[in-house]
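The values are calculated or read from the model by the stated rules, or taken from the named source; none is laboratory data. On a predicted model such as this, the values are computed, not experimentally measured, just so you know. All Cβ positions, even for glycine, are placed from backbone atoms using ideal geometry, and neighbour counts span all protein chains on display. These accessible areas exclude ligands, DNA and RNA; they are computed on the full protein's heavy atoms, side chains included. Shrake-Rupley method; radii C 1.70, N 1.55, O 1.52, S 1.80 Å.
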Amino acid sequence: MSSFIRCLLCAVWLCGMAGDALSIEPGSNEAKRKEYIAAITRGDGVGLLPWQKSGLTREEIEFRQRIEERKTTLLKGRPQIQHPALFDSEARRRLLENVENAEGARHLTNRWRTIADHIVDQPDGYVAQMIEELTPWYGYGFTCPHCVDRLTQEGSGRSANWDYRKPEQISCGVCRQVYPSEAYPETAMLNAPRMGQKFSLYFNERERANPMDRSGKLAYQWIGTRPMNMSFSGMVRQSKAAFMLGAVEDLAYTYLLTGEPRYAASVVEIMDRFAHCYRNWLYHDYWNTVADCDPLYAAVNDMNLPLEFKRNLSADNYKRDTLEKARMLQTFWGAGRLFPSTDAMWLVTSAAIGYDLTYNATGADGRPLWTQEKRTKVERDLFLEWIFTGETYLGGPGKSDLHNNKVPRIYHAMAAVGRVLGLPEYCEVAMAGYEALRDHAFGYDGFSEESATYTAMYMEQTLPIVERLHGYKWPENSPHHGMDDPYRSDPKLKAIYQAPLDHLTPKLKYIPFEDSTQSSGPSRDYLEFGLKRYPEMFRGMAETLMGKTPSAWALFNLDAADLKGTNQPPLPEIYFPGWMTALLRNGAGPTASLAALNFSPDGGHRHADNLALWYMDGGERILGDLGYVSDTPHLSWIKSTRSHNLVVVDDSEQRFRVRNNPRRPRLEMMFTTPRVSAVEASSDAYAQCRDYRREIVLLKGPEGRTVLVDLFRVKGGSNHAYRVWSELASSWGKNAGLEFNGVAMPAEPPLPKVGASLKREDIYGLRDTRVIQNPTNSWQAKWIEDGRAFRFWNFTSADAVHASNGPGQQSHNPPGRRVRVVDVIREGKELESVFVAIHEPNSSDGIWPIRSARRLDVPKAGADAVALEIKTVWGDYLVLSEFEQETEILNTRFQGKVGVIGQAADGKKWFAASGATTLQRGDLGFSNQTARWQGGSTRIESNRIHSAVSMPKGFSALAEGCQNWLLINDGNYDTGFPLLQVDEDEIRLTDRFSLPATAHDKFTLPSLRYAEE
Ligand SMILES: [Zn+2]
Ligand SMILES: [Zn+2]
């Protein structure tokens, strides 16, 4: 649409909003609605409209009465609580000992002291200045008007800095511009006249230049679609308030250490002020809506408010509203009073700890610092008011209906408040909430139904629920009365603790599959709880995993010896049967290697990326995955099939999260041995494909070095693009480039400098594509930069090779990274492809491991058969895959799924084979054996299958130093479990994972044979 037409429509529409359109009767509800929206969105802070009544409605008043009565009932007749309630009897002793003995403990206690002294040394009025009566605003969608489009991207950064020593300003984390600023005045006003609060906001240049367009389209956009009006002054208010809540903990700990009443007195003063302010802070959402009514009334009725309670500066944000019924733009998920996302309820714990530790504090005069009046105020107007604000979202009082990734913080807050205030009903909801999360948010392998980073987000507030309630004496009438220690009796909890440890990269981060950031890894809380509760899992690795400075919790709960240890975590080669992701590894420590294949089922925060490959060699990322950049329009590329290392069929997206038609990934085979490990998986994510299957074979050299064989079979569709891109040789690499050997690729134009641009072509899709038609079957491409390089060997006959560049941005700042992408393209009707490739990283000292590599023709072995001869500096390999017919090649006979014959540099010969009947070269190998044990079972236990058919004669499924996987359907997907032992009619699995009760009775156990000469 041309801008002229759009402007014309705007003008007509604005007329309509002012109530002048012909069809709207003056004084009608529709006229009032339009008049109201036009008035608010002008941004001049209009108060009540002429037809609005002032004062609270009867509903609000009655609602508030019921709330206050409920508070009274809850607090009346509580059991006597011993304070502190959140700390065990040894806590103070451990703290004092740790201050003496634990390296890093002093660092933390000094920090407490610095903050605590800073606060108690302030003049009168400081607390009131730091915690303002005016509702705090927030930083979601923060856009720095000073550097946007130049250094940062619109709506993408929350990178504003704040420092408690200069509390009245924030500054841009990138350009350092300070706000509030006269250069960027907050000229817009959003008034909440019923409740007597006024917010000043920033209109950007476009908005100021076009006062007639208040649709919201001219505002800065969050994720490209949501208008954002920032309030820098409101961000300052929020930063100050959050700091003061955190400082409550610092003050309380310093009081505990020193016994000096002034620290406790400061806790009392701050909490008293919070109670005063929190009670009146208005309910608002992270899309700029504020509810001009009793804030708790708004939380309970958030989707059903009279229009005149809803205040938002963008007209488009009222589209679904009538005069009688208006909606907040977000549920409690994205709303709150202190902070618009579940109201920052993780901070409730800080307040609870402060209250708990100072509960019985006395002043210098020996009189209690907490008067009864102050206690009542804090318990009612801070703790209960805050908890009530979140309660509706969970289903109402006593309910624990939700188990999404944001509710753990609500349950955690309830656990803390339940214990400190002595309210068993909240401990109850918290525990039920944990159980709901455990049973619904986490799969049986301990991984959530989202990504690794989001699994961590679940854990961050879920694990503390169990920890806060540990040792709690459940009342007699409680369903949890007499419950066992969950750390001992709850296998799922143990699985949740184990999962993150086992899927770390050699750099001890999470693999950036799905919505996982490049830098996320296990949290300190998780590791410290683990050290305390599962020492067998975590002992000896404390410093490796979390450095030297412990958290406050650790000082109260761990001994100095627990916090020592520089061992590396074991990092096994592993397959997660629920997450459906396989990890092949070689070497140990930070320079080890990892090839990971992801084929997860549908889930939240996952991608359309079945069979995506990620590869790290020598601790360096070789084959990449863009991971996650939250809250930006980049996500559409990042989530797309097209941005992953896999085969793109018909230039289309894989099926992903289609209602009633989930993708069905499937584990086909997995084994690990000392010299080679392999995994194969398939998926039905492309409906036009009857086969979409990838097999990777990791060849293991000394000192963690690797070469990766990659066989990708696709049948169906008419265009197969095998896509490969490396993290190396991106636009950020020094002296970076892409070189071809064996094809005459035209010269590369300079990589585009897209900077902070959010234009579609700059953040989505490949560009500058160079093309070679009908290339030879054998060529290589090298991604080169200073210090490291990666060579891709192609052995596929193709119609074309494309070389392009695409978006490679992986974090908010700095923006604009590009990566180099190569496509091997085959075309044809009802196309069948077997892509054959080798991924070869060089060593950090520049040595290429491969001396020679060639693909051998094996036409008689079957259409899918592949034979590769690879000679490396550490040994030679013959890799054979999918030989339907027994065939001889290079003096080797093979039939079966996969077989590798090797000879190490020292002359030692060896072989490995899975699902094969024959693999024979001279004396080495075997012939005419059973390839698999297959059948039904008479009984399935969590780690044992009683087979209805006896083990085939001469069957071999286990070998020294090797691991084999049993293939079985877990009730939802064809997946697999690691084998422990086989007997005549029984298969036993390791205890790493448990077979779910829903598992099918059919199983397949491929043979595994491995031997060294
Ligand atoms: Zn800036
Ligand atoms: Zn991805």
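At a glance:
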| item | result |
| --- | --- |
| Sequence-distant residues sharing a close amide H with TRP732 (under 5 Å, placed H) | ARG818 |
| Under the span-like rule (Cα at least 27 Å along the axis, Kyte-Doolittle mean at least 0.0), DSSP H helices of the chain | 232-258 |
| Percentage relative contact order, the chain, counting C-alpha pairs under 8 Å, at least six apart | 8 |
| Three-way shape label, segment 490-622, alpha-carbon gyration tensor, a/c 1.5 | prolate |
| Among the listed pairs LYS34/LYS310; LYS494/LYS639; LYS734/LYS759; LYS71/LYS399, those beyond 23 Å (Cα-Cα) | LYS494/LYS639; LYS734/LYS759 |
| Solvent-accessible area of SER181 with every protein chain in place, 1.4 Å probe, in Å² to the nearest 10 | 20 |
| Formal net charge of residues neighbouring VAL679 (Cβ-Cβ distance under 11 Å; K, R +1; D, E -1) | -3 |
| Rounded to the nearest 10 Å², the accessible area of VAL120 at probe 1.4 Å | 40 |
| Coil-residue trypsin sites (Lys or Arg not before Pro) of segment 941-1003, DSSP, other Cβ within 10 Å capped at 10 | LYS953 |
| Net charge of Cβ neighbours under 13 Å - reference CYS175; Lys, Arg +1; Asp, Glu -1 | +1 |
| Shape category assigned to segment 574-848 from the gyration tensor of Cα positions, a/c cut at 1.5 | rounded |
| Accessible area (Å², per residue) of segment 932-1012, counting only protein heavy atoms and a probe of 1.4 Å | 45 |
| Protein-only accessible surface order, largest first, of LEU555, LEU75 at 1.4 Å | LEU75, LEU555 |
| ³J(HN,Hα) computed for each position of segment 207-222 - Karplus, 6.51 cos²θ - 1.76 cosθ + 1.60, integer Hz, glycine/proline x | 5, 5, 6, 10, x, 7, 9, 10, 5, x, 5, 8, 5, 4, 10, 9 |
| ARG642, ARG788, ARG921, ranked by accessible area, largest first (probe 1.4 Å) | ARG921, ARG642, ARG788 |
| Cross-link partners of LYS908 among aspartates and glutamates (Cα-Cα below 15 Å; sequence separation of 8 or more within a chain) | ASP876, ASP923, GLU1012, GLU1013 |
| Solvent exposure ordering (accessible area, 1.4 Å, most first) of THR990, THR769 | THR769, THR990 |
| The chain, dipole about Cα centre (Lys/Arg Cβ +1, Asp/Glu Cβ -1), debye to the nearest 20 | 1080 |
| Cut-off 12 Å between beta-carbons: net charge of the residues surrounding GLY907, Lys and Arg +1, Asp and Glu -1 | -2 |
| Partner aspartates and glutamates for LYS377 [C-alpha distance under 15 Å; skip if fewer than 8 residues away on the same chain] | GLU68, GLU69, GLU269, ASP272, GLU385 |
| For segment 787-797, Karplus couplings with θ = phi - 60° (6.51, -1.76, 1.60), whole Hz, Gly/Pro x | x, 7, 8, 9, 10, 10, 9, 9, 10, 10, 7 |
| 222 nm mean residue ellipticity, helices alone, for the chain (DSSP H n ≥ 4; -39,500 (n - 2.57); rounded to 500) | -7500 deg cm²/dmol |
| Solvent-accessible surface (1.4 angstrom probe) belonging to LYS548, in square angstrom, nearest 10 | 100 |
| C-alpha center-to-center spacing [segment 379-399, segment 736-774] in angstrom | 54 |
| Size of electric dipole in segment 574-848: Cβ of Lys, Arg +1 and of Asp, Glu -1, about Cα centre, debye, nearest 20 | 460 |
